[in-house]
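So the structure is just underneath, and the comments pick up after that.
Nothing in this text is a laboratory measurement; each read-out follows from the coordinates by a stated rule. Treat the numbers as computed from the prediction; the structure is a model and nothing was measured. Neighbour counts run over all protein chains shown; Cβ positions are idealised from the backbone, glycine included.
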Amino acid sequence: MSSPTPQLQDSLLGSALAAGIGAQAEKVLAGQRLSREDGLALYACDDIHLVGGLANFVRERMHGDKAFFNVNQHINYTNICNKLCRFCAFQRLPGQEDAYVMSPEEIGAKIREQLDEPVTEVHMVAGVYPKLSYEYYLDILRAAKDARPGIHIKAFTMVELMQIAVRAKKPLKEVLPELIEAGLGSCPGGGAEVFADRVHLEGYHLKNTGDEWIETARTVHEAGLKSNATMLHGHIETAEERVDHLDRLRRLQDETGGLQCYIPLSFHPENTEWTHLPGPTGLEELREIALGRLMLDNVPHIKAYWIMLGIPMAQLALSYGANDVDGTVVEERIYHDAGATTPQAVERAELLRWIRDAGRIPVERDTLYNVLWSEDAEAQASCSTDAEATTAS
Ligand code: V47
């Protein structure tokens with residue numbers, strides 16, 4: 001794939017004018033910020049491939065052909081939750097047959113099981129179970145670090161953090177340094193759902209509000225931690241509500257700069273209270289990736305979470321604005337309880353194969369997007385070794 005050329009810009013602009021999104025395309029090509037109205041125009045545009053082409057233009061301007069991945073391990077430490085979100089198939093009530101809480105020892109053991117794999121990150125998210133003590137949260141961080149001292153712990157959504165502060169009986173601002181001391185390295189982007197109050201009331205009224213999510217993320221960033229952000233789409237939300245969500249994230253990012261990555265999460269309806277809703281189509285999933293890239297001009301990375309999208313769709317998303325695919329994962333429960341049919345894990349070599357197949361250059365990153373390995377660098381190194389060998393002979 002080539003970097004953006006003037007011909008490509010002309011062709012995108014011509015098509016955009018014909019499709020009625022010329023004004024938006026002009027802004028995108030000039031690197032200007034899109035307004036909320038522009039976002040709505042892009043949601044309304046019939047030609048998703050054109051919207052995707054604009055997002056791909058931005059993606060290549062920012063990242064060229066690179067596609068990031070990491071070698072990670074997911075641990076969902078409890079499925080007990082008191083939030084009763086209507087979109088969730090993972091939650092259980094205490095006493096239910098398959099309700100579980102992992103002990104710190106079990107978490108340590110799960111991490112030790114992977115010691116032969118080059119895992120650099122453990123991703124821990126779970127339900128909100130009020131019986132878990134503040135010490136429990138500190139202990140699971142310590143257990144993870146004990147099991148693998150070099151590992152980066154990306155843990156606790158804003159919802160979990162609010163609960164941890166309640167159990168700690170002190171403000172989150174005072175709790176975060178203690179979590180960091182115990183091993184917390186950054187925070188995942190879940191629990192944001194759709195910020196709009198209407199959707200919150202109808203779908204997850206016991207959970208934090210959108211304003212609370214933003215406020216918590218602001219506190220996290222002020223404590224020096226990076227985080228991700230998500231939006232759960234494809235249920236009852238409107239285009240206006242999606243644009244509002246993206247705009248609120250963009251304003252938070254203008255203030256703190258703490259968001260590393262945005263991940264649109266596609267609603268999976270199976271085994272939820274919303275089984276009657278169909279969930280997003282493939283093209284709707286691609287549009288969400290594209291809108292994320294186009295609206296969030298200040299967020300560096302857009303992730304196509306393969307567990308949720310499936311590998312073929314994640315490959316396509318790499319040409320619709322995404323530049324990251326998440327990682328090897330090992331064991332995932334939230335989407336698989338909701339009917340995801342993707343594998344639970346993928347080998348590093350397999351990730352590389354399908355990133356290459358999508359026409360992108362695989363780059364292994366750590367959680368904070370430091371480059372650990374790049375196929376490009378490896379190719380260059382082997383070229384220079386070949387050149388040295390030729391010169392020497
Ligand atoms: O907050 C729950 C979503 C999130 C369903 O930061 C569902 O790198 C679809 O936070 N259908 C948790 N989505 C997952 C999460 C995450 C995942 C991957 C990467 C990162 C990251 C974070 O999962 C929840 C909720 O929005 N979710 N149930 C469902 N039925």
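Extension gain, ALA345 to HIS276, is 22.0 nm, computed as 0.36 nm per intervening residue step minus the present C-alpha separation. Among SER35, SER227, SER319, the residue with the largest mean-square fluctuation in a Gaussian network model of the chain, with springs joining Cα atoms closer than 10 Å, is SER35.
For the chain, the 222 nm mean residue ellipticity estimated from helices alone, with every DSSP H stretch of n ≥ 4 adding -39500 (n - 2.57) and the total spread over all residues, rounds to -14500 deg cm²/dmol. Build a GNM of the chain with springs between Cα atoms under 10 Å apart, and of PRO280, PRO94, PRO300 the one that fluctuates most is PRO94.
Taking trypsin sites (Lys or Arg not before Pro) across the stretch 169-236, the ones in a DSSP loop with at most 12 further Cβ atoms lying within 10 angstrom of their Cβ are LYS169.
Toward the positive end of the charge dipole of the stretch 168-279, about the Cα centre and with charges on Cβ (Lys, Arg +1; Asp, Glu -1), which of HIS233, LEU252, LEU172 goes farthest? Working it through, the farthest residue towards the positive pole turns out to be LEU172.
Overall shape: oblate for the chain, with the ratio a/c of the largest to smallest alpha carbon gyration tensor axis at 1.5 or above and b/c at least equal to a/b. Listed by chain and number, the lysines placed with their C-alpha closer than 22 angstrom to that of LYS66 are LYS226, LYS303; residues fewer than eight positions away on the same chain are left out.
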